[in-house]
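Right, one structure below, let's go through it.
The values are calculated or read from the model by the stated rules, or taken from the named source; none is laboratory data. Everything numeric here is computed off the predicted structure, so don't read it as measured data. Don't worry about glycine lacking a Cβ; one is built from the backbone with ideal geometry, like all the others, and counts go over all protein chains shown.
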Amino acid sequence: MELKSESKLEKILKQGHFAFTGEIGPPKGANVQAIREKAKYLKGNVDMVNITDNQTAVVRMSSWAASLIVLSEGLEPNYQMVCRDRNRLAMQSDILGAYAHGIRNMLCLSGDHQKFGNQPFAKGVFDIDSIQLVNMVKMMRDEGKFLNGEEIDGIPKLFIGAAENPFADPFEWRVPRLAKKIEAGADFIQTQCVYNMGKMREWIKIAREEGLTEKIYILAGVTPMKSLGMAKYMQSKVPGMDVPDEIIKRLQGVDKKNISNEGIKIACEQIEEFKEMKGVSGVHLMAIEWEHKVPEIAERAKMLPRP
């Protein structure tokens with residue numbers, strides 16, 4: 001297989017297209033077919049696919065390995081790396097290996113704390129944090145040097161991503177934190193799932209006024225609600241998630257059989273608004289274990305055909 005020299009996502013964003021990306025969570029095992037099954041629903045419907053790294057601090061197939069399977073299926077992966085599980089030696093080593101195998105996008109994350117997972121007594125590494133990880137990848141790419149200053153033989157030219165949560169407290173820290181990630185070297189940002197559109201508009205407005213949206217591509221996170229139970233759980237139990245009461249009331253007012261359809265309708269309405277929101281360069285669709293709905297969402301949100 002011929003390896004691409006550049007990121008497709010980077011090309012799409014630089015050409016001014018509104019990006020549409022997806023996500024796949026690797027299996028809790030070595031089941032390759034599980035990844036291929038999910039990938040078939042995303043192929044042709046999204047520009048790139050996030051491959052999560054032991055999300056929710058639960059052991060799964062490694063992100064780089066699942067990324068290679070996705071790549072073989074004709075999809076462009078976004079290789080996630082969390083700071084929780086490895087030190088800088090392992091991180092730099094994995095980055096080189098991932099790039100050598102054709103991975104061109106990387107998302108730098110802190111990672112969910114191990115106490116929230118199913119192996120809470122695992123030792124967290126956190127040798128460096130997510131902003132330092134972004135800066136390390138930029139140093140490897142732009143200066144051709146490892147973190148210790150030594151030269152790299154074969155530079156990993158990765159398109160560097162980071163995450164941001166416009167809804168975490170305190171709100172006044174949100175835009176300065178975005179600025180720090182831009183300064184560290186992030187090329188694009190994926191946000192937490194957005195439900196509070198008012199707060200999202202305010203965050204983007206401040207970022208735009210400070211000139212930050214001119215320096216980075218922001219992809220707004222969208223996760224369709226599958227059920228009323230999911231909405232209530234995300235509102236009350238998931239840290240950093242902001243689900244307004246009007247979303248709950250809207251889902252409560254729908255027949256049980258139609259709630260998932262209403263959830264998709266809300267997601268499509270959000271996507272339509274994001275297309276018009278100045279400073280937003282695309283949408284990151286996180287259809288968690290609902291990959292088979294991605295073609296329908298892409299069509300209903302008028303995101304097809306992809307460039």
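A few comments on the model shown:
- Scope the stretch 45-55; condition within 14 Å of the chain's Cα centre (by Cα) and not aliphatic (A, V, I, L, M); matching residues: 47, 50, 52, 53, 54, 55
- Residue in the stretch 267-278 that is under 28 Å from residue 306 (Cβ atoms), out of contact with any Cys (no Cβ under 7 Å at 6 or more places or on another chain), modelled with pLDDT of 95 or more and not in a helix (DSSP H, G or I) present: yes
- The selection criterion, being farther than 24 Å from residue 40 by Cβ, of a type in the set (Phe, Trp, Tyr) and within 17 Å of the chain's Cα centre (by Cα), does not hold for residue 146.
- Inclusion of residue 200 among residues that are in contact with a Ser or Thr (Cβ under 9 Å, 6 or more places away or on another chain), in a helix (DSSP H, G or I) and not basic (Lys, Arg) is warranted.
- Looking only at the stretch 1-36, and only at residues there that are of a type in the set (D, E, K, R) and without any contact (Cβ under 8 Å) to a residue 12 or more places away in the chain, the one that is surrounded by the fewest Cβ atoms within 10 Å (Cβ to Cβ): 2
- Figure legend. Inter-residue proximity from the stretch 143-157: first residues aromatic (Phe, Trp, Tyr), second residues modelled with pLDDT of 95 or more and part of a loop (DSSP other than H, G, I, E, B), beta-carbon distance below 8 Å, spacing 6+ or different chains. Indicated pairs: 146/152.
- When the stretch 137-186 is filtered for residues that are over 22 Å from residue 9 (Cβ atoms) and part of a helix (DSSP H, G or I), the ones remaining, listed by number, are 143, 171, 172, 173, 174, 175, 176, 177, 179, 180.
- Odd one out for residue 253, checked against (1) modelled with pLDDT of 95 or more; (2) surrounded by fewer than 15 Cβ atoms within 10 Å (Cβ to Cβ); (3) farther than 25 Å from residue 110 by Cα; (4) not basic (Lys, Arg): (1)
- Test result for residue 109, under 18 Å from residue 60 (Cβ atoms) and in contact with a helix residue (DSSP H, G or I) (Cβ under 9 Å, 6 or more places away or on another chain): yes
- Residue in the stretch 215-238 that is under 22 Å from the mean Cα position of the chain (by Cα), farther than 23 Å from residue 46 by Cβ, part of a loop (DSSP other than H, G, I, E, B) and not charged (D, E, K, R) present: yes
- Filtering the stretch 103-111 for residues that are of a type in the set (S, T, N, Q) and either closer than 21 Å to residue 22 by Cα or part of a strand (DSSP E or B) (or both) leaves a non-empty set.
- Condition check for residue 228: touching a helix residue (DSSP H, G or I) at 6+ places or on another chain (Cβ under 7 Å), in contact (Cβ under 8 Å) with a residue 24 or more places away in the chain and under 29 Å from residue 290 (Cα atoms): yes
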